[in-house]
1. Out of these labelled values of Kirkwood radius over Cα pairs in Å, [x] 19.8; [y] 21.7; [z] 18.8, which was calculated from the coordinates shown here?
2. Regarding region 161-210, what whole-number volume in Å³ per residue does the convex hull of its Cα atoms give?
3. Taking region 1-69 as the region of interest, what is the percent of Cα-Cα pairs per 10 angstrom bin, listed from the shortest bin to the one with the maximum distance?
4. Can you give me the distance in nm between label points at Arg57 and Ser182, each placed 7 Å from the Cα along the Cα-to-Cβ direction?
5. Given a Förster distance of 35 Å, report the FRET efficiency between Thr218 and Asn112 from their Cβ-Cβ distance, rounded to the nearest 0.05.
6. HN-Hα J couplings of region 217-231 from phi, Karplus 6.51/-1.76/1.60, θ = phi - 60°, integer Hz, Gly and Pro as x?
7. With only Lys, Arg, Asp and Glu charged, each at its Cβ (+1 for the first two, -1 for the last two), find how big the charge dipole of the chain is about the Cα centre; round to the nearest 20 debye.
8. How far apart, in nm, are the 7 Å Cα→Cβ label points at Thr124 and Asn49?
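The values are calculated or read from the model by the stated rules, or taken from the named source; none is laboratory data. A quick note: this is a predicted structure, and the numbers were derived from the prediction, not measured. Here Cβ is always computed from backbone atoms with ideal geometry, including for glycine, and neighbour counts include all displayed protein chains. Surface areas here come from the heavy atoms of the whole protein model, side chains and all, with no ligands, DNA or RNA. Shrake-Rupley method; radii C 1.70, N 1.55, O 1.52, S 1.80 Å.
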Amino acid sequence: MPTRHYHNGYEIFYLVSGDISYFIEDQSYQVVGGALLIINMNEIHKLVNSSKESFERITLLFQEEFLEDMFPYNDSFHVLSSFASGKHFMPLNGQEQSFIEKLFDKMIAEYNKQPPGYEYYLKTLLFELLIFIYRKSSTLPAADHTGSNPIHKKIFDIVDYLNQNYHETQTIQGISSKFFISPSYFCKTFRENTGFTFTEYLNNVRIKEARRLLTGSTLKIADIAERVGFESMTHFGRIFKDITSLSPLKYRQTYKVELD
């Protein structure tokens, strides 16, 4: 998206991996992998990749009319009202990321294969996603319109570093020393700017890579755990299950069944 633009529909933007800047109207958001953005109709927006590093995203555009024949609205519940709340940015924990990515995977598979009734199933999946967004939005604090924080650049330098060096031992003290920032200020500012604690973000990056290796390679699970930066198989298994709700072995088996 080289220029600022807008749509006459709704946009849902999910950053799978990487880090970018995203401008919506007069606000800027520093977005890291595992975060969701929602953009209302006719809101001007633009994506900026200042780091020039690769990133992976999913963008979904739709109009309200797409859902009208299946899901009538009423005064007490309007599933699209969260788009007008001003809460554009939604950081997601590991389980929420896994849930969202599975929904998108189903949508993509349904659209590509187009089996009988696929249009209705696409609407069902979209409505499920919109209900998730509606509920998630209701738990977020009121939209903050105070503008960009100048610390963003340093935090994004740290995010870039973690994205490239997640497989190495990383500690708050080590990162703080490397980037000349106090540990307490680093923890506070990292959470404010990314929506994740340092440990949450590092674990999410590691588990995302582990999921890719589990489904795209024949490496042993112990080798995968070591490759993505876990020193203990027990710790790897616990964090993996916390984020995906499945053990590494079950995740690999389930994915293979889905492929077949």
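1. It is the value labelled [x].
2. It is 69 Å³ per residue.
3. 20, 53, 22, 4, 0
4. With each label point 7 Å from Cα toward Cβ, the separation is 3.6 nm.
5. It comes out at approximately 0.85.
6. With the stated coefficients, region 217-231 comes to 8, 10, 4, 5, 4, 4, 5, 5, 4, 5, 5, 8, x, 8, 8 Hz.
7. Numbers: 27 positive and 31 negative charges, 182 e Å.
Dipole magnitude for the chain comes out near 880 debye.
8. Output for this residue pair reads 3.6 nm.
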